[in-house]
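> After the structure tokens below, expect a handful of questions from me.
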Amino acid sequence: MTRKRPFTSTGLTIVIPAYNEEECLEEVFREIRAHAIELVGRLEMVLVDDGSTDGTGELVDRLARRHPDTLALHHLRNQGSGQAILTGIRASTLPLIVYLPADGQFHLPDLADYIRASRHSQIVMGARSARTDYTLFRRLSSRVFLGLFNLLFRKRFEDVNWVHLWRREVFLGLHVESRGVFFLAEVLAKSCSLGMNAVQVPSGYSGRRAGVANGTRLPVILLTVYEMARIWWRMNRSAPSVESSVPGSCPGSVKGFWWPATARESGSIHAGGGQIGESRPPRLEVLEVSPQLRPNWLPREGRLAVTPGVALSGPPADSEVLARIDGRPAVVRDHGQIRFLFDPERAVSWRLTEAFLDGARPLVTRLPAGYTDWLPGPVRHGLHRLFIAAGRPDDPADFWPFDPSVEWIRWAALEAEAEGGNDRVPDPFWPDRKRWALVVTHDVDTVLGMGRIQAIADVEKSRGLRSCWYVTGEAGLARPDLLDAVAARGDEIGLHGDRHDLGLAYLKADEIEARLGGCLDRMEAWKIRGYRSPALLVSPALSGVVARHFQYDSSVPDTDTASLLGSRRGCGTLFPFRRPEGSIELPLTLPLEDKLAAMGHSPREILGIWRNKIETIRRIGGLAVLTTHAEPHLGGSDRFLEVYGEFLDSVTGADDVWLPLPHQAASWWERRCDGERMIKP
């Protein structure tokens, strides 16, 4: 006769983080699972390998293949116990979530008391009894930690760093910052401050079965104290930070971007992760694509820079590996269908919004706003060369000047649909069935640059081409006659800041609003629709102001190296997209001539680099956004204009290219954003 489970209606996710626990994990897992199955009606086991260097990663994969109720996740590198627990929580799907250690220290009969107490409380914590294996130093450090926590957060708990059980709603909206030992205490402190109830139950404790505890190492103790102080300070200055936890939510959207509409529903794309937000920004990882999933436009090496998040799911048994990250499977073919072991839509959104950048303000942005007035152009160019020489490290994720990462994810997702019996996106899709599009633009930083507008415009006019001039308000208002002249011939005028101030993006939103809004009022006659930030420096405050005042923005490169914002930046796409703030983004998809010149390339070499990239853009069917600087020492020089004319001859005569102004490209793309997904042209 089968014994009735005491909690038949309960669904429980057990999260077990493991770092180098090969010796004892399998035995502990079997015991935990066998005990939990007898308790609850629905069980989900989540094993998180925290970048182990022993055989833990292979072991969790084997366990997941053996047990259908078990999910294996892998950190690409060691992230800390807090991040490992959060990764497991993000992948959970059931109402109750409990964290259990992988070393067998938890007394399993106590689990029933945790579940029973959760009926009346959102958080249940264990209070350990005797800790016989603790050294004197560890006992002292634990008492100090608990005392500091209770003092700073005004609590009277007996133990805050042992096994916790949570109702799922605890994490729906809670932003957790800690990555290490303080994770459990941070969740507790922030949840209680939001009015949630926490109770403690007695819990048994046993010594580790194998391995060595890391919590008493001095660096870990110092980091824990630092995180406690930082979070206490922030909580006392403002309410706990909250972020969206809608299923599948991510910073930004693929709205207005080529994306398969039915891949998730058909099951051809496996989206890793769950409803809980990341606790840290994603980072660029190198993905190595096998020849079996390599389109003809992908470089022969098949290496890409992607933002998969902190963890990868374990691969299904007997699946064919199609792409790897740091040696681990990232994309596989399982029973004839392509499956991602990370969330591809979230990865695309992180790239589009450059979420991997740290957001720190570059030191150079402290330069006085009028530096272009007293620092001659050739001197600025020389300093640019020095900066690039010092700022481009040997980065394994640096694939400049062509980074097809987002295009490959999009392509692979469409391949997954095709293998699932769905149609591929038709190609070409630009107006009049053109295969690709080219937008020509110029940045005008100074009054000297204004003086070269006519010479550049003559080169373009003789070839029947129109372009856009992003001028600073200061330079444009100094020579309104030149703006009138180019506007009269059908060119577009855009704004390049009120002046070439590198610090503009780092002002408060109302200050940015006042400066740009006032400039637009004085330049109303030229019907400005687009914006490009000085030195391509962007910030959330600036993006919000731009979305309110402009139809589109063109301040983000598809890829860049040794930029002011970091050694690597870029949205990773050759197509426009809608920013989270609402405006259309036209990414700069051809390398800027000032950077190429600062790298030592001659005008003719620059022409060759542009032609090579345009051929790739044409094969993919994307948008080429060309930008030169009108300054007389850069794109406005006679030497450069001679080569520039040759380049225009090679592209404007093509039958398969659409040649819009930026606002026309943005308007056309905006009309395509009516649906959440875009499949038909």
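The values are calculated or read from the model by the stated rules, or taken from the named source; none is laboratory data. As the structure is a computational prediction, the values presented were derived from the model and not from experiment. Positions of Cβ are generated from backbone atoms using ideal geometry, with glycine treated the same way; all protein chains shown enter the neighbour counts. For accessibility, only protein heavy atoms count, side chains too; no ligands or nucleic acids. Shrake-Rupley method; radii C 1.70, N 1.55, O 1.52, S 1.80 Å.
> With the full set of protein chains in place, find how many percent of the accessible area of the chain is carbon and sulfur; take the probe as 1.4 Å. Please report the intermediate quantities before stating the final value.
On the way: 14100 of 27500 Å².
So the carbon and sulfur contribution to the accessible surface is 51 percent.
> Taking Rh as the Kirkwood radius, which is the inverse of the mean 1/r over Cα pairs, what is the Rg/Rh value for the chain?
Working: Rg = 28.3 Å, Rh = 27.5 Å.
Rounded to two decimals, Rg over Rh is 1.03.
> Quote the relative contact order of the chain in percent (integer), defining contacts as alpha-carbon pairs under 8 Å separated by 6+ residues.
Numbers: 1347 pairs, mean separation 86.9, N = 681.
The value is 13 percent.
> Restricting to the chain, what percent of DSSP beta bridges are antiparallel, rounded to 5?
40 percent
> Shifting gears a bit: Using square roots of five times the C-alpha gyration tensor eigenvalues, list the equivalent-ellipsoid semi-axes of the stretch 589-679 in whole Å, biggest first. Walk me through the numbers before you get to the answer.
Details: eigenvalues 160, 41, 32 Å².
Each semi-axis is the square root of five times an eigenvalue, giving 28, 14, 13 Å.
> Taking 0.36 nm per intervening residue step and subtracting the Cα-Cα distance, what contour gain separates SER602 from ARG131 on full extension? Numbers along the way, then the final one.
On the way: separation 471, 0.36 × 471 = 169.56 nm, distance 7.06 nm.
Fully extending the segment from SER602 to ARG131 adds 162.5 nm.
> OK, next. Going by accessible area, probe 1.4 Å, with all protein chains left in place, what is the ranking of HIS442, HIS335, largest first?
Values: HIS442 0, HIS335 170 Å².
Result of the area sort, largest leading: HIS335, HIS442.
> Ok, one more. Roughly how many Å² is the accessible area per residue of the stretch 46-99, as a whole number, for a 1.4 Å probe?
Values: 1590 Å² over 54 residues.
Spelled out: the 1.4 Å probe surface of the stretch 46-99, per residue, equals 30 Å².
> State the number of lysine pairs found in the chain whose Cα atoms come within less than 17 Å, restricting to pairs 8 or more positions apart or on distinct chains.
Details: LYS155/LYS190; LYS255/LYS680; LYS434/LYS680; LYS595/LYS613.
Close lysine pairs found across the chain: 4.
> Express in Å², to the nearest 10, the accessible area of CYS24 obtained by rolling a 1.4 Å probe over the protein heavy atoms while all chains stay in place.
10 Å²
> Grab the beta carbon distance between GLU169 and GLU58, set R0 = 56 Å, and tell me the FRET efficiency rounded to 0.05.
On the way: r = 35 Å, r/R0 = 0.63.
That gives a FRET efficiency of 0.95.
> First select every other residue whose beta carbon is under 11 angstrom from the beta carbon of PRO632; then total the charges, Lys and Arg +1, Asp and Glu -1. List each step's numbers first, then the result.
Values: positive: ARG452, ARG639; negative: GLU631, ASP638.
Counting the neighbours of PRO632, the net charge comes to 0.
> Heavy atoms only, probe 1.4 angstrom, no DNA, RNA or ligands counted: give me THR353, THR56 ranked by accessible area, highest first. Walk me through the numbers before you get to the answer.
Values: THR353 40, THR56 0 Å².
Accessible-area ranking of THR353, THR56, largest first: THR353, THR56.
> Counting only heavy atoms of protein chains, what accessible area per residue, in Å², does the stretch 287-332 have with a probe of 1.4 Å?
Details: 1820 Å² over 46 residues.
With all protein chains present, the stretch 287-332 gives 40 Å² per residue.
> Using a basic spin-label model with each label point 7 Å from the Cα along Cα→Cβ, how many nm lie between ARG230 and SER637?
Computed distance between label sites ARG230 and SER637 equals 4.6 nm.
> Counting Lys +1, Arg +1, Asp -1, Glu -1, what net charge surrounds PHE145 among other residues with beta carbon under 12 Å of its beta carbon? All intermediate terms of the calculation are to be shown ahead of the outcome.
Working: positive: ARG138, ARG139, ARG143; negative: ASP159, GLU227.
Around PHE145, the surrounding residues sum to +1.
> For TYR506, TYR531, write out the residues from largest to smallest accessible area, computed with a 1.4 angstrom probe and no ligands counted.
So, going from the largest accessible area down, we get TYR506, TYR531.
> Could I ask something else about it? Kindly work out what percent of the DSSP beta bridges joining two residues of the stretch 428-525 are antiparallel, to the nearest 5.
Numbers: 1 of 9 bridges.
Of the beta bridges lying entirely in the stretch 428-525, close to 10 percent run antiparallel.
> How much of TRP233 can a 1.4 Å solvent probe reach, expressed as accessible area in Å² and rounded to 10?
Roll a 1.4 Å probe over it and TRP233 shows about 140 Å².
> Before rounding to the nearest 500, sum -39500 (n - 2.57) across all DSSP H runs of length at least 4 in the chain and divide by the residue total; then give [θ] at 222 nm in deg cm²/dmol. Walk me through the numbers on the way to the answer.
Working: 22 runs with 239 residues, N = 681.
Value at 222 nm, helices only: -10500 deg cm²/dmol.
> Can you find, among ILE512, ALA487, THR224, the residue farthest towards the positive end of the dipole of the chain? Put +1 on the C-beta of Lys and Arg, -1 on that of Asp and Glu.
Working it through, the farthest residue towards the positive pole turns out to be THR224.
> For the stretch 455-604, what proportion of DSSP beta bridges, expressed in % and rounded to the nearest 5, is antiparallel? Before the final figure, lay out the partial values.
Details: 5 of 15 bridges.
Percent antiparallel among DSSP bridges in the stretch 455-604 is about 35.
> With charges set only on the Cβ (+1 for Lys and Arg, -1 for Asp and Glu), what does the dipole of the chain come to about its Cα centre, in debye to the nearest 20?
Numbers: 83 positive and 85 negative charges, 380 e Å.
Computed charge dipole of the chain: roughly 1820 debye.
> Rounding to the nearest 20 debye, state how big the charge dipole of the stretch 582-681 is about its Cα centre with +1 on each Lys and Arg Cβ and -1 on each Asp and Glu Cβ.
Values: 11 positive and 15 negative charges, 82 e Å.
Dipole magnitude for the stretch 582-681 comes out near 400 debye.
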